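Before any comments, here is the structure.
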Amino acid sequence: MNESTPPPFRAGIAAIVGRANTGKSSLLNALLGEPVSVVSPVAQTTRRPVRGILNEDALQIVFLDTPGIRQASHALSSMLNRTARGLVTGSDAVLLLLDASLHPQDEDRGWMQKLALENEPVFAVLNKTDLGLRRRAYEDAWADTLSKLRSRDPAFTPPPLHWFETSAATGQGLPELLDALRAAMPESPPLFPPDMLTDDPRPFFIADVIRARINARLTKELPHAIAVAVDHIEDADDRVNVSATIYVEKNSQRPIVIGKQAKMIRDIRHAAQKDLAAIYDKPHTLELWVKVEPNWSRNYWLLKKLGYVSA
C-alpha cells in the first residue's frame, strides 16, 4: 500500500452479553469514557439494548449493551433473556462478559453453549479481576461445553475464542481488549454519524437513571415490580424539566415508593436530579408520579412505551 493511501475505514458491531451483574454497562462506559449506560448493582438495571459508539480515525465500533441473562422467574425476565440472546446474531464480535471473581454459573455455561454454535468471534472477557481471578474454572467450562457439542456432532467446529482479563473499575486490560476489537472490525463505511456517542433516546436514558435510584433504595421490597416512563421533557435555558411516571403492579406498592410523608419519593427525586445534572452538565428538575398498573410487565403497549420491545 502506498504510504500516502489512507487505511480503509473499519466499522462493526460488538455485542456485550452475559449473566446479570457481570459489569456489562460498566465495561461499556469504561471503553467509551462516557456514561452511556446506567450502572447499578441491582439485576435488570439494563432492560433494553443500549448502543454506545466509539469513533476513531478510520474506525467505528458500535457496542451493544444487552440485558443481563438471569434465571427467568417471571414474564419480564423471560422476555429480556430472549432479547439478549437474539441480539448476538449479526454482530461482528461478541464480548461474553464473565465475573472473574466468582466460579462459573449456569447462566455463564448457557451463554457458552449458545455462542459455541454461532459464527461470530467470541471475546471471553474475564471482568472484575480486581476482585479475584478464576480463569482456569472458566477455561474448563468452555472446554466442557465444546466436548459435549462434539459428542453430539463430531464435525462441530467452534468459532474463534479469545481470552481477556479486565477490570472496568481500574481499567486493567481495556487497551488490549480494544486493540483486538479494532482488528476484528470489517472494512465498512461508518454505521452512524462520526460525532454520535449513542443513539439511545434521551427519555429512555433518563428513565433508567430514575429507576436505578429506585432500585438502590427499594430492591428488597420491590425487586422487579417497578418501571419508569418519561412523559415529557422541557428544555429551558437554565435547566431541564422532566415529568415521569413510576409504574407499580399493586396498590400496596404505591405507598412504599412514596414513603412516609413522601420522604422516599423526595430522596429518589433528589438523587436522580443530581445524577442527571452531572451527566448532562445542566440542572434537571423532576416531577415524579406513581401509578398502579396491574400486570404492566405483560402489557405489550406499555412495554413498547418503556422501550423494552421494539416491534
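Nothing in this text is a laboratory measurement; each read-out follows from the coordinates by a stated rule. Not measured: the values here are computed from a predicted model. For neighbour counting, all protein chains shown are included, and Cβ atoms are generated from backbone atoms with ideal geometry for every residue, glycine included.
Every residue in region 227-263 that is within 20 Å of Trp296 (Cβ to Cβ) and outside any strand (DSSP E or B), please.
Glu249, Lys250, Asn251, Ser252, Gln253, Arg254, Pro255, Ile256, Val257, Ile258
Any idea which of (1) among the hydroxyl-bearing types (Ser, Thr, Tyr); (2) under 24 Å from the mean Cα position of the chain (by Cα); (3) farther than 20 Å from His284 by Cβ is the one Ser252 doesn't satisfy?
Among (1) among the hydroxyl-bearing types (Ser, Thr, Tyr); (2) under 24 Å from the mean Cα position of the chain (by Cα); (3) farther than 20 Å from His284 by Cβ, the lone unmet condition for Ser252 is (2).
Taking region 264-311, which residues are part of a helix (DSSP H, G or I), surrounded by fewer than 18 Cβ atoms within 10 Å (Cβ to Cβ) and aromatic (Phe, Trp, Tyr)?
Tyr280, Tyr300, Trp301
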